[in-house]
Amino acid sequence: MFVRAPRIVVVSPHLDDAALSMGATISRAARAGAHVTALTVFAGDPDSVADAGPWDRACGFGSARDAARVRREEDVRACAILGATPAWLAFADVEYEPEHDADAIWAALAPCLAGAQLVLTPGFPLHHPDHEWLTRLLVARLPADAPLAFYVEQPYANTAAIGRGYDRASLGKVARIGVRSAAGRRLQAPQPSDTIGQIAATPLEWIAAGADAEARDAKRRAILAYGSQLDGLGGRLTERIRLYEWGWGGEGVGLKQAGAAADTVET
Ligand SMILES: [Zn+2]
C-alpha cells in the first residue's frame, strides 16, 4: 500500500517528527508528484530570549533562540532530501510552555491544512505530551469527515516495542520483530486501549505504507540531517527504525475505515 494525494500535510509536533516517522512516505509521495508540507507546530521562536529548556540544553544549545534557529536549518536540509516543503509555526514546546493556547495554535494551524487531501498527525504511541495534545486538537477541531489519518511515531514506537537498551529481553523482542513472527507483530500493533483508541471516535485500521529503496534511503539521510538530535534520540537510531518498519512492512498509518483519508491509500 502507498499513499497518493496531490496535496499532503504531515503535522510534525517538533522539528524532526515528520521525517523520523513518515520520511519514506513523504519521499515516495513527493517523487510521485505530490506537494508535501512538513508542518512543524512547536518549531520554537528564533527571536526568543528564553534560556534553553532541558532537552535543548542536553542537545548542546545555550538558548531557545539558538535551538530554534539551528533546528530549523536542519529541517530545511531534511525536507530538501525528502522533497517536502517545510513550514513552521513559532510555538514553544511543552518544556517552555506547559499550557498551550489551543485557540491561538488552531488559528495558525487551520489555514495550513486548507486544501489538503490528506493530513497526517501523530497517532501511536502518543507518549510525548505535545504529540498527544496536538492530535487531540486536530480531532476536536477538524470536521468528522476531514481527511485525517494517524501515523506511527518514531522513535517512540520502536522504543515502546523493543525497549531502549540491548539487554536479553530487548534482544529477544528484536528477534521476534526481525523474523516477522506473530509475537513480533503483537509487540508492534496499536491496541484499541491505546491513547489513540480513546481519542479517535472510531476504530482505526493500521496499515503499512510501503516504500521503495530510494524512499528508505532518503529517510535515513533526512534523519541524519537532524544532527543536534541524534545523541539524545539514542544509538543506532536509523537501524532501529528500519528494523521496526521491516517487521511492520513499512511506516505505520492509522486510517478511519471508509474515511476520506482511506481514499488516498492505493493497494
Ligand atoms: Zn516530537
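The values are calculated or read from the model by the stated rules, or taken from the named source; none is laboratory data. These numbers come from a predicted model, not from an experiment. Ideal geometry is used to build each Cβ from the backbone, glycine not excepted, and the neighbour counts take in all protein chains shown.
Step by step: first the residues of the stretch 220-255, then only those that are touching a strand residue (DSSP E or B) at 6+ places or on another chain (Cβ under 6 Å) and not in a helix (DSSP H, G or I), then the one that is farthest from residue 166 (Cα to Cα). Which residue is that? Per the criteria, the residue is 255. Restricting attention to the stretch 21-44, which residues are crowded, with 24+ Cβ neighbours inside 10 Å, closer than 18 Å to residue 210 by Cβ and of a type outside the set (Ser, Thr, Tyr)? Once the filter is applied, which keeps residues that are crowded, with 24+ Cβ neighbours inside 10 Å, closer than 18 Å to residue 210 by Cβ and of a type outside the set (Ser, Thr, Tyr), the stretch 21-44 yields 22, 23, 24, 26, 28, 29, 36. For the stretch 32-58, the tally of residues that are under 12 Å from residue 71 (Cβ atoms) and either hydrophobic (A, V, I, L, M, F, W, C) or at pLDDT below 95 (or both) stands at 4. In the stretch 151-172, the residues that are in contact (Cβ under 8 Å) with a residue 12 or more places away in the chain form Cβ pairs under 8 Å with partners that are of a type in the set (Lys, Arg) and more than 13 Å from the ligand (Cβ to nearest atom), at six or more places apart or across chains, as follows: 155/240; 158/240; 161/173; 162/173; 162/240. Just wondering, is there one or more residues in the stretch 52-64 that are away from the ligand (no atom under 16 Å from the Cβ), of a type in the set (D, E, K, R) and more than 24 Å from residue 126 (Cα to Cα)? The answer is no; no qualifying residue exists.
Flag: residue 8 does not match the condition of being touching a residue at least 24 places away in the same chain (Cβ under 8 Å), closer than 19 Å to residue 224 by Cα and more than 16 Å from the ligand (Cβ to nearest atom).
In the set 204, 134, only one residue is out of contact with any helix residue (DSSP H, G or I) (no Cβ under 6 Å at 6 or more places or on another chain) and either within 15 Å of the ligand (Cβ to nearest atom) or of a type in the set (Lys, Arg) (or both); that residue is 134.
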